[in-house]
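This report concerns only the one structure given below.
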Amino acid sequence: MAGKLNFYENAPEPARHPREVALDGEPPQIVRTFGFVDLIGFTTYCDVAGPGNAQIALRSFRKLIRRICSQRGVRVSRWLGDGAMLVGVGLGDVVACTLDIVSRIQDGPLGVRGGVSTGPALLLDGDDYTGRAVNLASRLCDIAEAGTVYIDGDSKTGIPVWALYEICDTLDVKGLGLREDIGKLTLLDPSGVATWDLGV
């Protein structure tokens, strides 16, 4: 909703001493920025091009994701078939990483889209996240168009100067209600940006 708290307004608290961390206590919620990216039209491409070509495209897409994430200090938290869930502490890093990935594939039968949300989440078993911010980032990716990244208001301060930001009309986000703080990001000037070949 509009006017939501920016979770990065205050400086982070210092790390807790081990005696303050109860091994049998309630797990704390931690603030992270989550990004989702996925291929548009992958199922249809599988049917038309066959499983061999589909596998080539998917492996190439994952290689691109790994390369951009490693350059920007963002972690691939989970592979999701024809997409991926990204996570980072640096809000701007995740926003830039997600838009960078989306902007690299500009032609061909497969498009790429993304979604970003920032907020508290539960960290499960040391390597898996769940919570409203995770769900929102995933839903925003689902409704984004090819070449765009949808972000929530809590991620707005992480927008890079090379991105074009447009506020969306009120969106009814599946399972999360009406949102007035969603914006759309695209690359401001794609000239000179190296594109990525999916092999399609």
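The values are calculated or read from the model by the stated rules, or taken from the named source; none is laboratory data. Just so you know, these numbers come straight off a predicted model, no measurement behind them. As a convention, Cβ positions derive from the backbone with ideal geometry for all residues, glycine included, and neighbour counts pool all protein chains shown.
Give me the pairs, please: first residue somewhere in the range 66-86 and in contact (Cβ under 8 Å) with a residue 40 or more places away in the chain and assigned to a strand (DSSP E or B), second residue anywhere and of a type in the set (S, T, N, Q) and surrounded by fewer than 21 Cβ atoms within 10 Å (Cβ to Cβ), beta-carbon distance under 7 Å, and either six or more positions apart or on two chains.
As it stands, the answer is Met85/Ser77; Leu86/Ser77, since those pairs meet every condition given.
Here is a check on your reading of the model: is Gly114 at pLDDT below 95, closer than 25 Å to Lys156 by Cα and among the small types (Gly, Ala, Ser)?
So Gly114 fails the test.
Residues being within 13 Å of the chain's Cα centre (by Cα) and surrounded by fewer than 16 Cβ atoms within 10 Å (Cβ to Cβ): count how many of those fall in the range 142-170.
Matching residues across the range 142-170 total 1.
Which residue is surrounded by the most Cβ atoms within 10 Å (Cβ to Cβ), if the candidates are limited to the range 178-200 and must be in contact (Cβ under 8 Å) with a residue 60 or more places away in the chain and small (Gly, Ala, Ser)?
Out of the qualifying residues, it is Gly199.
Take the residues in the range 18-42 that are surrounded by 15 or more Cβ atoms within 10 Å (Cβ to Cβ) and of a type in the set (D, E, K, R); name whichever of them is farthest from Gly83 (Cα to Cα).
Only one residue tops the list, namely Arg32.
Of all residues in the range 153-176, which are outside any helix (DSSP H, G or I) and either of a type in the set (A, V, I, L, M) or touching a residue at least 60 places away in the same chain (Cβ under 8 Å) (or both)?
Selection gives Ile159, Pro160, Val161, Ala163, Leu164, Ile167, Leu171, Val173, Leu176.
Could you go through the range 43-64 and let me know if any residue there is of a type in the set (D, E, K, R), surrounded by 14 or more Cβ atoms within 10 Å (Cβ to Cβ), on the phi < 0 side of the Ramachandran plot and touching a helix residue (DSSP H, G or I) at 6+ places or on another chain (Cβ under 8 Å).
Scanning the range 43-64, I find no residue that is of a type in the set (D, E, K, R), surrounded by 14 or more Cβ atoms within 10 Å (Cβ to Cβ), on the phi < 0 side of the Ramachandran plot and touching a helix residue (DSSP H, G or I) at 6+ places or on another chain (Cβ under 8 Å), so the answer is no.
Across the range 97-131, what is the number of residues that are exposed (fewer than 15 other Cβ atoms within 10 Å of the Cβ) and in a helix (DSSP H, G or I)?
Looking only at that region, the number is 0.
Of the residues in the range 103-124, how many are under 22 Å from Ala49 (Cα atoms) and β-branched (Val, Ile, Thr)?
Final tally of qualifying residues: 2.
Given the conditions (1) in contact with a Gly (Cβ under 8 Å, 6 or more places away or on another chain); (2) under 29 Å from Asp154 (Cα atoms); (3) not in a strand (DSSP E or B), and given that Phe61 satisfies all but one, which numbered condition is not satisfied?
(1)
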